[in-house]
Amino acid sequence: MMLPICRISLCMALVISLSYDLAHATLGEPAQTIVRDTNAFSGKFLKSTNTARYRVESIASGITATTVREYVNPSGVVFAVAWNGLVHPDLQVLLGNYHDDYRKALAGTPRQPGRRGLKLTTRRLVVETWGHMRNLQGRAYLSELLPEGVSLDEIR
C-alpha cells in the first residue's frame, strides 16, 4: 500500500520539476521571468542598473561562479542576455522560446578546431560565445527588440 503512494508522489514531483524547468523562457519575455532564472541558476539577485535606454538585471550563480546579465527594454521585455564565468549557463533557460533556433543553427555549423569563439546568427537571434578556461563569456540578443541607439558593445 505504501509503495504505490510513494511512486505516485515521486512521479508527481518529477512532472512538476520538469514542467518548471521548461517554463524558464527569458529572452523575448517579460522582465518578471528574471526571478525564475535566478531560481533556475540557484543564484542570487545582485543588482539592477538603469540607463537611459534599458535596465540591466544581474544574477550570480554560486554553484558555477557565473554571472548573468539580462537587458530589459523600456517596454519591460528582455532583449539581450550576457554572461561570464567558469562555465556557460544553461542556454535553454536563457534563450527560452529561441532555444530551438539556437540548437538548429548550432547543428548546422561545422566545428572549427582551435577556434574558441562562435557566432550563430538566425533570422531572429544572435548568440556569441568566447573566452578560455575559467573565463567563458557570451551574449545573446534579439536584433528586432534592441532599443534604438543601443550599441552591441553595451551588451557584455
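The values are calculated or read from the model by the stated rules, or taken from the named source; none is laboratory data. Values in this document were obtained by computation on a predicted structure and should not be read as measured data. No Cβ is skipped: glycine too gets one built from the backbone with ideal geometry, and neighbour counts run over all protein chains shown. For the accessible areas, the whole protein counts, side chains as well, though only heavy atoms, and no ligand, DNA or RNA atoms are used. Shrake-Rupley method; radii C 1.70, N 1.55, O 1.52, S 1.80 Å.
Structural remarks
- Residue within segment 74-85 that is open to solvent by 50 Å² or more (accessible area, probe 1.4 Å) and aliphatic (A, V, I, L, M) present: no
- Residue match in segment 47-69 (condition: in contact with a helix residue (DSSP H, G or I) (Cβ under 6 Å, 6 or more places away or on another chain), modelled with pLDDT of 95 or more, β-branched (Val, Ile, Thr) and open to solvent by less than 20 Å² (accessible area, probe 1.4 Å)): no
- Residue within segment 81-91 that is assigned to a strand (DSSP E or B), polar (S, T, N, Q), modelled with pLDDT of 90 or more and over 25 Å from HIS132 (Cβ atoms) present: no
- Restricting segment 99-147 to residues that are under 21 Å from GLU57 (Cβ atoms) and in a loop (DSSP other than H, G, I, E, B), the residue that is most open to solvent (accessible area, probe 1.4 Å): LEU146
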